[in-house]
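Q: Below you'll find the structure I mean.
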Amino acid sequence: MIEIYCVGGFNEVGKNCVAVKVDDEVVIFDMGLQMDKYIRYTEEERETEIIDLSSKKLTELGIVPDLNTIRPWLSKVVAIVPTHAHLDHMGALPFLADKCQSKVFCTPYTKAVIDIINSDNNFHMETPILAIEQNKPYAISERLSIELVNVTHSVPQSAIAVLHTPYGQIVYTNDFKLDDEPVLGKVTNYARLEALGNQGKVRCLLLDSINAEHDEQTPSEATARAMLKEVLLEDEKSDRNKVIMVTTFSSHIARLKTIMEFGRKLHREVVFIGRSLRRYIAAAEQIGLVQFQQESRVLSFKNKIQKMFKKIEKDKGKYLVICTGHQGEPQSVLSKIVDGIYKFRFEKGDKIIFSCRTIPAPVNIKNREVLEKKLKKTKAVIIKDIHVSGHGSKHDQKRLIELLRPHYIIPSHAPEKMVKPVEALGREMGYKPEQVRLMKDGKSLVIE
């Protein structure tokens with residue numbers, strides 16, 4: 001018997017966690033943070049001497065998944081499988097993983113990011129973390145194996161996790177998009193997904209449905225590259241004596257690669273500034289994915305950042321800066337500039353590019369509004385929404401369902417209102433109402 005229990009990520013965006021019980025063994029997919037709550041809590045507590053990051057406190061605040069809901073299962077956990085290196089999928093591992101007395105299985109890049117986060121924050125995890133090769137089944141017990149099938153997303157080495165059981169496969173797809181022109185890494189392993197579908201044993205597909213309401217194919221990262229080329233290269237003459245500053249997701253190594261390459265074409269020195277940028281770049285360099293520091297600088301310490309801004313201010317046209325602050329985070333580099341913590345003045349004609357969209361959560365919307373209001377006073381040119389999503393839309397979802405042909409579909413990664421269009425998609429594809437299951441945290445599906 002298989003039981004799929006929705007621990008987190010079904011009432012809200014974030015805090016992703018699903019437990020799958022196969023007879024007397026349990027596999028947990030993802031252990032993520034609720035980022036809005038985590039940022040708000042750590043910002044509010046920053047002035048205190050010690051921030052309480054105990055699992056009890058974080059669970060009470062709704063920052064991490066509530067493993068108390070599966071307490072009887074914890075001693076039966078044989079594997080924890082974070083599918084990729086985003087904090088809403090693996091950020092709770094330092095606080096919760098040791099409750100399971102198991103092992104973490106993930107891709108090399110995800111492991112590198114977890115290790116750096118633990119080191120930077122002095123988090124101590126007893127739980128071993130094993131990096132496994134993608135596209136090959138890996139035995140986690142005598143009866144179960146896990147397979148991380150490579151898929152495109154906005155962070156390197158993202159995976160569709162396949163749990164092989166004696167009763168068939170459970171496929172977990174948080175997060176994915178089907179990008180046939182990725183800027184970095186391989187295309188999705190369609191052949192393997194189709195082979196799984198042809199076997200006819202996919203019992204349930206947990207489907208990333210955050211973009212379910214968009215009736216389209218999510219644009220390729222190549223589209224974002226073309227957008228960046230336009231805003232960075234076409235005004236080269238008018239930008240000649242002005243600073244160019246770009247902010248985007250620190251984990252989006254493909255996007256950072258594009259920005260850096262265009263910076264080199266502009267004959268500018270590229271400087272990455274911010275702690276989260278350093279972490280994700282260091283992880284990518286550690287596994288040989290990129291070598292940014294051979295052609296750029298990466299700074300995260302306050303005194304070095306301030307010295308760098310003094311140099312930039314003397315010769316603005318020489319530099320392209322990539323920094324944190326895309327969501328208006330109060331402690332980000334961009335916010336610290338406009339708040340006067342870093343001594344650097346934007347002037348008329350300086351260019352600030354937001355290669356992102358505002359994540360639609362109240363704290364992010366408010367923070368971005370505050371930041372943009374301050375930036376507008378500087379008379380700098382502000383360019384927004386130079387971005388494509390990392391999540392599949394309706395056409396991506398349909399294509400994945402056609403490849404895998406699951407018996408059940410559980411829309412995931414968002415509350416019911418956002419994933420409800422998957423019901424209509426299921427009907428369109430011939431699924432019965434009982435085969436597309438809209439879930440909430442604390443609910444489960446039993447498959448006999």
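Q: Mind checking the dipole of the stretch 221-383: about its Cα centre, +1 per Lys or Arg Cβ, -1 per Asp or Glu Cβ, Debye to the nearest 20?
A: Taking the Cα centre of the stretch 221-383 as origin, the dipole is about 620 debye.
Q: Report, in whole Å, the centroid distance computed from the Cα atoms of the stretch 27-44 and the stretch 77-97.
A: Going from one Cα centre to the other spans 11 Å.
Q: Where does the chain land at 222 nm, in deg cm²/dmol rounded to the nearest 500, when only DSSP H runs of n ≥ 4 count, each adding -39500 (n - 2.57), divided by all residues?
A: -9000 deg cm²/dmol
Q: Rounded, prolate or oblate: pick one for the stretch 197-240, where a ≥ b ≥ c are the square roots of the eigenvalues of its C-alpha gyration tensor, a/c under 1.5 means rounded, and failing that, prolate if a/b is larger than b/c, else oblate.
A: Note, shape of the stretch 197-240 comes out prolate.
Q: List, in order, the whole-Hz ³J(HN,Hα) value for each residue of the stretch 241-248 obtained from phi through the Karplus relation with A = 6.51, B = -1.76, C = 1.60 and θ = phi - 60°; use x for Gly and Pro.
A: Whole-Hz 3J(HN,Hα) from phi for the stretch 241-248: 10, 10, 6, 10, 10, 10, 10, 7.
Q: In addition: Per the Kirkwood formula on distinct C-alpha pairs, the Rh of the chain is how many angstrom?
A: Answer for the chain: a Kirkwood hydrodynamic radius of 22.6 Å.
Q: Moving on. Just to be sure I understand the model, the point goes 7 Å from the Cα along the line to the Cβ. What's the resulting LYS343 to GLU434 distance in nm?
A: It works out to 7.2 nm between the two label points.
Q: Give the residues of the stretch 299-339 whose amide nitrogen is closer than 13 Å to a point set 7 Å from the Cα of THR42 in the direction of its Cβ.
A: In the stretch 299-339, the label zone of THR42 (backbone N under 13 Å from the point 7 Å along Cα→Cβ) covers 329-332.
Q: Cα axis of helix 108-121 to longest principal axis of the chain: angle in degrees, 0 to 90, nearest 10?
A: Helix 108-121 sits at roughly 60 degrees to that axis.
Q: Tell me which of TYR167, GLY317, ILE386 sits at the most positive position along the dipole axis of the chain, charges placed on C-beta atoms (Lys, Arg +1; Asp, Glu -1).
A: It is GLY317.
Q: Turning to a different aspect of this structure: Report the Cα centroid-to-centroid distance between the stretch 352-409 and the stretch 194-213 in angstrom, as an integer.
A: 24 Å
Q: Now for a separate question. May I ask you to list the lysines whose Cα is less than 27 Å away from that of LYS394, ignoring any residue fewer than eight positions away on the same chain?
A: LYS15, LYS177, LYS186, LYS201, LYS384, LYS417, LYS420, LYS432, LYS440, LYS443
Q: I'd like to know which of VAL151, VAL81, ALA19 lies farthest towards the positive end of the charge dipole of the chain, counting +1 on Cβ of Lys and Arg and -1 on Cβ of Asp and Glu.
A: VAL151
Q: Okay, moving on. Under 1.5 on a/c is rounded, so check that first for the stretch 221-383, then, if it is not, pick prolate when a/b is larger than b/c and oblate when it is not; a ≥ b ≥ c are the square roots of the alpha carbon gyration tensor eigenvalues.
A: Verdict is rounded for the stretch 221-383.
Q: Based on alpha-carbon atoms only, what is the radius of gyration of the stretch 150-222 relative to the globular estimate 2.2 N^0.38 Å?
A: Rg over 2.2 N^0.38 Å, computed on Cα atoms: 1.16.
Q: Dipole size in debye (nearest 20) for the stretch 32-130 around its Cα centre, Lys and Arg Cβ +1, Asp and Glu Cβ -1?
A: 580 debye
Q: Among 172-185, 364-377, how do they line up from the highest to the lowest mean number of other beta-carbon atoms within 10 Å?
A: Going from most to least packed, we get 172-185, 364-377.
Q: Something else about it: Once you have a ≥ b ≥ c as the square roots of the Cα gyration tensor eigenvalues for the stretch 100-235, tell me rounded if a/c is under 1.5, and otherwise prolate or oblate according to whether a/b is larger than b/c.
A: Oblate.
Q: Please get the size of the charge dipole for the stretch 300-407, origin at its Cα centre, with Cβ charges of +1 on Lys and Arg and -1 on Asp and Glu, quoted in debye to the nearest 20.
A: Roughly 440 debye for the stretch 300-407.
Q: Cα centroid distance between the stretch 263-324 and the stretch 137-156, in Å?
A: For the stretch 263-324 versus the stretch 137-156, the Cα centre distance is 33 Å.
Q: Ok, one more. Using amide H atoms built 1.01 Å from N in the peptide plane, name the residues 5+ places from LEU320, or on other chains, whose amide H lies under 5 Å from its own.
A: Hits under the 5 Å cutoff: GLU269, VAL270, VAL271.
Q: Got a sec? Charge dipole of the chain, +1 on Cβ for Lys and Arg, -1 for Asp and Glu; which of SER102, SER276, VAL422 is way out at the positive end?
A: Value: SER276.
Bear in mind these aren't lab numbers, they're just calculated from the coordinates by the rules spelled out. Keep in mind that what you see is a predicted model, and the values were worked out from it rather than measured. Here Cβ is always computed from backbone atoms with ideal geometry, including for glycine, and neighbour counts include all displayed protein chains.
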